[in-house]
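In what follows, a single structure is set out as structure tokens and then discussed.
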Amino acid sequence: MKNNKLVFIVWNILLCLTAGCDSFTDVDLPSSQLTAKDVFEDKTTANAAMVDIYAKIRDHGLLTGYPSGISSQLGLYADELLFFGISGSSQSNFYTNALLASDTEISELWTSSYNQIYAANAIIEGVTTSAALAGSDRDQLMGEALFIRALIHFYLVNTFGDIPYIQTTDYQQNKVAHRMPENEVYLHIKEDLERAISVLPEEYVGSERVRPNKWAAQALLARVCLYRQQWGEASNAASAVLNQTGLFVWPSDIGTVFGKGSFSTIWQLMPAVAGGNTYEAGTFIFVEGPPATLALSEALIGAFSDEDLRKTNWIKAVTTGTDRWYHAYKYKESSNTGSSVEYSIVLRMAEQYLIRAEARAHQGDLIGAKEDLNKTRNLAGLQDSNAATATAIITEVLQERRREFFTEFGNRFFDLKRTAGLDATLSPIKSQWETTDRLLPLPESELLLNPNLAPQNANY
């Protein structure tokens, strides 16, 4: 009975903290529910609230592996994926860059993200005032919530441009929040990550890598610094992660990279049910042609040489005998396997090597840059790079990122955007492409609720 009562209480807590809010402008928790203060006076309920945020990230919004997430949508928006589905659908609109501010899918990306941020803020506020939590538990929860707040804002700013950086659950403030310039958003992201690094433990909670530790926050900081062209900081942050050889081990077999137990994983999302695997597998795998919705683009397939083991391990061909299509095959299990074998990996070692390679090249450390670049090349069965100049190395790093991170959380789109390559790459293949398409539209419904979010992004 005690356990049943606890489950009921936790369910109500989580409903208030996450699912119950339609947007970040909504009101405080209803008085009929257990108060937020009570949640954070008990380690069990506080941890339940934190774990539920990861479930929401897995199931909704920008980082879900479902077709509505950016792994799929920005793959279509850039040049990774071809679309075979119904014209006028959400995926079709991303593929043809025909998005409208009134599209429900745009509203869902925005609203789900700010719900997750709201929940993270509830945890930050709750553990700050908690009198009962042990210091180590308070630090763990605070660090995780700060990490999540930084993570979601990072993807929002790269998708929508200027956005509000929401740091409270106070609806009176949130309902009139203004958009901040991207520069200011990044300052807040870095501040949150630095605070998270200062309080998170070095070890993982439990035996799995589903609760971020200090090095997950450090890995995200490395990416943030790379995007801001802060080369020295990016290199140092990546090195801090890669130096943890007791936790992170570079694989010897490319076929193990996306396995649940890979020691090259820095942070991953647990499946929803026991024996379940990733949503990504269900989104990208098809078994007969023509594909019902998605396939990898010919341009992406052409980026791989025949010797590249990623082409044979992470991509699968489907043929009718006369026609051939390809799908992403990083995750191979789209059904329940009794015991889960694949989790959705959000942060992994390969990115840290390529971040450091790019940063080192910009700083003139060509030897170090090539050593890092060759890590992913050699694992893929390729020879060392023969690039001889900083420019050549950077160009090769970006090509390597394309081959390494396809269909992973919009990496290709964001790389083209941050290196000013969107127009040159997408204009020849998308008839309606315009420079302003580098940003998605703000949801029309949010602009109506809060005029302070105006102006709408250009050409929407």
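The values are calculated or read from the model by the stated rules, or taken from the named source; none is laboratory data. From a predicted model like this one, the values you see are computed outputs, not experimental measurements. All Cβ positions, glycine included, derive from the backbone under ideal geometry; neighbour counts span all protein chains shown.
Looking at this structure, is Leu226 outside any loop (DSSP other than H, G, I, E, B), more than 19 Å from Arg58 (Cα to Cα) and either at pLDDT 95 or above or not β-branched (Val, Ile, Thr) (or both)?
Details: outside any loop (DSSP other than H, G, I, E, B): yes; more than 19 Å from Arg58 (Cα to Cα): yes; either at pLDDT 95 or above or not β-branched (Val, Ile, Thr) (or both): yes.
So Leu226 fits the description; yes.
Return the residues of the range 89-110 that are assigned to a helix (DSSP H, G or I), touching a residue at least 40 places away in the same chain (Cβ under 8 Å) and either surrounded by 20 or more Cβ atoms within 10 Å (Cβ to Cβ) or at positive phi (or both); say none if nothing qualifies.
If we filter the range 89-110 for residues that are assigned to a helix (DSSP H, G or I), which is where we start, we get 90-95, 104-110.
Checking the rest, the ones that are also touching a residue at least 40 places away in the same chain (Cβ under 8 Å) come to 91, 106-110.
Correct list: Gln91, Ile106, Leu109, Trp110.
Quick one: is Ala392 assigned to a loop (DSSP other than H, G, I, E, B) and over 26 Å from the mean Cα position of the chain (by Cα)? Working first, answer last.
Working: assigned to a loop (DSSP other than H, G, I, E, B): no; over 26 Å from the mean Cα position of the chain (by Cα): yes.
Against the criterion (assigned to a loop (DSSP other than H, G, I, E, B) and over 26 Å from the mean Cα position of the chain (by Cα)), Ala392 does not qualify.
Report, by residue number, each residue of the range 147-184 that is surrounded by 23 or more Cβ atoms within 10 Å (Cβ to Cβ) and of a type in the set (Gly, Ala, Ser).
Ala150
Can Thr389 be described as of a type in the set (Val, Ile, Thr) and either out of contact with any helix residue (DSSP H, G or I) (no Cβ under 6 Å at 6 or more places or on another chain) or more than 21 Å from Lys311 (Cβ to Cβ) (or both)?
The answer is yes for Thr389.
Hey, among the residues in the range 116-144 that are over 20 Å from Ile189 (Cβ atoms) and among the small types (Gly, Ala, Ser), which one's surrounded by the most Cβ atoms within 10 Å (Cβ to Cβ)?
Going through the qualifying residues, I end up with Gly126.
State all residues of the range 180-209 that are over 20 Å from the mean Cα position of the chain (by Cα), of a type in the set (Gly, Ala, Ser) and under 21 Å from Thr128 (Cα atoms); if no residue qualifies, say none.
Scanning the range 180-209 gives a single hit, Ser198.
Quick one: which residue in Asp423, Asp384 is in a loop (DSSP other than H, G, I, E, B), free of Cβ contacts under 8 Å to residues at least 60 places away in the same chain, of a type in the set (Asp, Glu) and on the phi < 0 side of the Ramachandran plot?
Going through Asp423, Asp384 in turn, just one is in a loop (DSSP other than H, G, I, E, B), free of Cβ contacts under 8 Å to residues at least 60 places away in the same chain, of a type in the set (Asp, Glu) and on the phi < 0 side of the Ramachandran plot: Asp384.
Taking the range 35-49 as the region of interest, how many residues are crowded, with 22+ Cβ neighbours inside 10 Å and either in a loop (DSSP other than H, G, I, E, B) or at pLDDT 95 or above (or both)?
Residues flagged as crowded, with 22+ Cβ neighbours inside 10 Å and either in a loop (DSSP other than H, G, I, E, B) or at pLDDT 95 or above (or both) within the range 35-49 amount to 3.
Of all residues in the range 301-315, how many are assigned to a helix (DSSP H, G or I) and surrounded by fewer than 18 Cβ atoms within 10 Å (Cβ to Cβ)?
Within the range 301-315, residues that are assigned to a helix (DSSP H, G or I) and surrounded by fewer than 18 Cβ atoms within 10 Å (Cβ to Cβ) number 4.
Can you name every residue in the range 130-171 that is at pLDDT below 95 and in a helix (DSSP H, G or I)?
Passing the criteria: only Tyr171.
Go through (1) assigned to a helix (DSSP H, G or I); (2) closer than 13 Å to Ile266 by Cβ; (3) aliphatic (A, V, I, L, M) one by one and return the number of the condition Val185 breaks.
(2)
Tell me yes or no: at least one residue of the range 209-217 is assigned to a helix (DSSP H, G or I), modelled with pLDDT of 95 or more, closer than 30 Å to Asn183 by Cβ and of a type in the set (Gly, Ala, Ser). Walk me through it before giving the result.
If we filter the range 209-217 for residues that are assigned to a helix (DSSP H, G or I), which is where we start, we get 214-217.
Cutting the leftovers down to modelled with pLDDT of 95 or more gives us 214-217.
Narrowing the set further to residues that are closer than 30 Å to Asn183 by Cβ leaves 214-217.
Next, from what is left, pick out any that are of a type in the set (Gly, Ala, Ser): 216-217.
Looking for residues that are assigned to a helix (DSSP H, G or I), modelled with pLDDT of 95 or more, closer than 30 Å to Asn183 by Cβ and of a type in the set (Gly, Ala, Ser), one finds at least one in the range 209-217, hence yes.
What single numbered condition from (1) under 21 Å from the mean Cα position of the chain (by Cα); (2) closer than 29 Å to Tyr77 by Cβ; (3) not in a helix (DSSP H, G or I) fails to hold for Glu280?
For Glu280, the failing item is (3).
Consider the range 247-275. How many of its residues are under 15 Å from Lys332 (Cβ atoms) and crowded, with 17+ Cβ neighbours inside 10 Å?
Going through the range 247-275 one residue at a time, the tally reaches 7.
Would you pick out the residues in the range 50-63 that are assigned to a helix (DSSP H, G or I), aliphatic (A, V, I, L, M) and touching a helix residue (DSSP H, G or I) at 6+ places or on another chain (Cβ under 7 Å)?
Met50, Ile53, Ile57
Give the range 426-456 a look and list any residue that's surrounded by fewer than 20 Cβ atoms within 10 Å (Cβ to Cβ), in contact with a helix residue (DSSP H, G or I) (Cβ under 7 Å, 6 or more places away or on another chain), not aliphatic (A, V, I, L, M) and not in a helix (DSSP H, G or I), or say none.
Listed by number, the residues that qualify are Trp433, Gln456.
Can you tell which of Leu76, Leu63 is over 22 Å from Arg149 (Cβ atoms), in contact with a Phe, Trp or Tyr (Cβ under 7 Å, 6 or more places away or on another chain) and either among the hydroxyl-bearing types (Ser, Thr, Tyr) or surrounded by 21 or more Cβ atoms within 10 Å (Cβ to Cβ) (or both)?
Working: Leu63 fails: over 22 Å from Arg149 (Cβ atoms).
Of the residues listed, the single one that is over 22 Å from Arg149 (Cβ atoms), in contact with a Phe, Trp or Tyr (Cβ under 7 Å, 6 or more places away or on another chain) and either among the hydroxyl-bearing types (Ser, Thr, Tyr) or surrounded by 21 or more Cβ atoms within 10 Å (Cβ to Cβ) (or both) is Leu76.
Tell me, please, whether a residue that is over 22 Å from Arg412 (Cα atoms), among the acidic types (Asp, Glu), within 19 Å of the chain's Cα centre (by Cα) and modelled with pLDDT of 95 or more can be found in the range 229-248.
For the range 229-248, residues over 22 Å from Arg412 (Cα atoms), among the acidic types (Asp, Glu), within 19 Å of the chain's Cα centre (by Cα) and modelled with pLDDT of 95 or more: absent.
Going through Glu288, Glu358, Glu298, Glu280 one at a time, which residue ends up being out of contact with any helix residue (DSSP H, G or I) (no Cβ under 6 Å at 6 or more places or on another chain), among the acidic types (Asp, Glu) and surrounded by 23 or more Cβ atoms within 10 Å (Cβ to Cβ)?
Glu280
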